[in-house]
Amino acid sequence: MGGLHAGEGRLTVRKAWIVGGAAVGAGLSFVMLLVVGVYLVAGNLANTVSGGAKSLAKGAVPAAYQSLVQKWGNLCPAINPALLAAQLYQESGFNPSAKSPAAAQGIAQFIPGTWATHGVDGDGDGDKDVWDPNDAIPSAASYDCSLASYVKDVPGNPTENMLASYNAGAYAVIKYGGVPPYRETQNYVKQITTLEESFAAPVSRVDPSKQAAGAIDYAQKKLGTPYLWGGTGTAEQGGRFDCSGLTQAAYESVGITLPRVANDQYNAGPHPARDELLPGDLVFFSDDLTNSRAIRHVGIYVGGGYMIDAPRTGAVIRFDPIDTPDYFGATRVTEDGAKALPTTV
């Protein structure tokens with residue numbers, strides 16, 4: 001949630017305003033300028049192709065599983081590494097010890113019957129262990145490809161038909177000639193394909209969020225508020241926040257519900273490069289630059305190399321520079337991306 005951020009330093013609001021320029025001005029004029037600037041820069045060039053062409057975004061998958069997901073995510077044309085990563089995140093949050101009340105097990109959440117039929121010995125060590133990601137991740141990819149083969153003659157998008165088969169069974173997809181009219185199944189297909197974009201390396205400009213200006217305006221109004229570890233801004237907490245509590249509240253104010261902790265907020269949309277940042281992007285910091293699950297701090301980018309953040313106990317919500325050695329990356333929050341995130345992982 002909240003966390004210590006390297007390179008603290010003292011930074012007055014006046015100094016930050018001078019350095020950040022118009023991007024960190026105040027009030028309605030700031031918001032209007034930001035909205036105009038955001039939409040002048042925007043360009044809808046997003047790549048929407050499914051299949052094996054997508055590679056993983058930097059650090060999106062824990063380093064221990066990166067090569068497995070990249071390799072097995074290209075097992076068949078219906079899947080790709082980013083899609084496989086989205087499924088694993090949705091199922092277990094990359095937790096190899098996860099167990100559900102329904103007895104689903106491991107990082108890929110196989111139930112025993114499905115594992116008995118579809119589990120594979122991914123690492124060639126002579127056993128098939130549902131708790132071992134070296135077996136479970138290849139098995140998840142293999143199962144996806146088996147489902148895709150079952151519905152290969154069904155009209156429509158092969159990846160969406162495979163995901164629908166995963167959720168509702170291949171028979172339902174065959175019966176309805178595509179994704180069946182079940183709300184749960186349609187939501188699952190949309191969740192995974194939306195999450196897929198947050199695990200894929202950007203191949204073109206990423207559109208800004210419509211709500212970026214409002215989120216920054218909210219955060220600006222909290223400048224000077226004392227930090228509180230675990231704070232979400234409630235009256236009982238005196239309106240105080242930690243880092244992810246602030247970003248969550250800022251986007252909640254414009255109708256986007258983010259998860260509570262920073263490393264889950266990272267998956268709320270695609271990931272612009274440092275030179276593509278726009279005001280409103282969430283910026284993240286970590287001591288392990290290979291693993292998004294190790295993220296420990298988040299702020300809201302305001303331009304000019306600065307963010308608004310709730311840094312640590314004893315500090316107040318303020319402007320801080322983002323170009324520090326622990327800078328991990330950024331997320332351009334999208335409404336669909338936030339809706340796709342699991343409430344618990």
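Please compute the volume of the convex hull spanned by the alpha-carbon atoms of region 226-280 and report it per residue in Å³.
Working: hull volume 5.5 nm³, N = 55.
Normalising the Cα hull of region 226-280 by residue number yields 100 Å³.
Applying 1/(1 + (r/R0)^6) with r as the Cβ-Cβ distance of Ser204 and Arg274 and R0 = 22 angstrom yields a FRET efficiency of 0.85.
Can you give the FRET efficiency to the nearest 0.05 for Thr234 and Asp287, using r as the Cβ-Cβ distance and R₀ = 25 Å?
Numbers: r = 29 Å, r/R0 = 1.17.
With a Förster radius of 25 Å, E is 0.30.
Evaluated over region 65-199, the count of Lys pairs having alpha-carbon atoms less than 23 Å apart is 6 (only pairs 8 or more residues apart or interchain).
Taking the convex hull of the alpha carbon atoms in region 210-340, what volume per residue do you get, in Å³? Mind showing how you got there, number by number?
Details: hull volume 12.8 nm³, N = 131.
That works out to 98 Å³ per residue.
Rounded to the nearest whole Hz, the Karplus-based 3J(HN,Hα) values (6.51 cos²θ - 1.76 cosθ + 1.60, θ = phi - 60°) of region 140-156 follow the sequence 4, 5, 4, 5, 4, 5, 5, 4, 4, 5, 5, 10, 5, 8, 7, x, x, with x at glycine and proline. Rolling a 1.4 Å probe over the protein heavy atoms of region 65-199, with every protein chain left in place, gives an accessible area that is 51 percent carbon and sulfur.
Relative to 2.2 N^0.38 Å, what does the C-alpha radius of gyration of region 145-288 come to as a ratio? Two decimals please. If you can, show how the numbers build up before the last one.
Details: Rg = 19.9 Å, N = 144, 2.2 N^0.38 = 14.5 Å.
Rounded to two decimals, the normalised Rg is 1.37.
Dipole check for region 210-340: with +1 at the C-beta of Lys and Arg, -1 at the C-beta of Asp and Glu, and the Cα centre as origin, the magnitude is about 280 Debye. Taken per residue, the accessible surface of region 210-340 reaches 33 Å², heavy atoms only and a 1.4 Å probe. Computed 3J(HN,Hα) for region 56-63, one whole-Hz value per residue from the Karplus formula 6.51 cos²θ - 1.76 cosθ + 1.60 where θ = phi - 60°, is 7, 5, 4, x, 5, 10, x, 3, glycine and proline marked x. Roughly speaking, to the nearest percent, how much of region 210-274's 1.4 Å accessible area is carbon and sulfur? Carbon and sulfur: 53 percent of the exposed surface of region 210-274.
Between Pro279, Gly269, Ala249, the Cα set farthest toward the positive side of the dipole of region 227-345 (charges on each charged residue's Cβ, about the Cα centre) is that of Ala249.
Amide hydrogen proximity for Phe110: with H placed 1.01 Å from N in the peptide plane, the residues at 5 or more positions away or on another chain lying under 5 Å are Gln105.
The values are calculated or read from the model by the stated rules, or taken from the named source; none is laboratory data. Source: prediction; values computed, not measured. Every residue, glycine among them, receives a Cβ derived from its backbone with ideal geometry; neighbour counts consider all protein chains shown. Heavy atoms of the whole protein, side chains included, go into the accessibility calculation; ligands, DNA and RNA do not. Shrake-Rupley method; radii C 1.70, N 1.55, O 1.52, S 1.80 Å.
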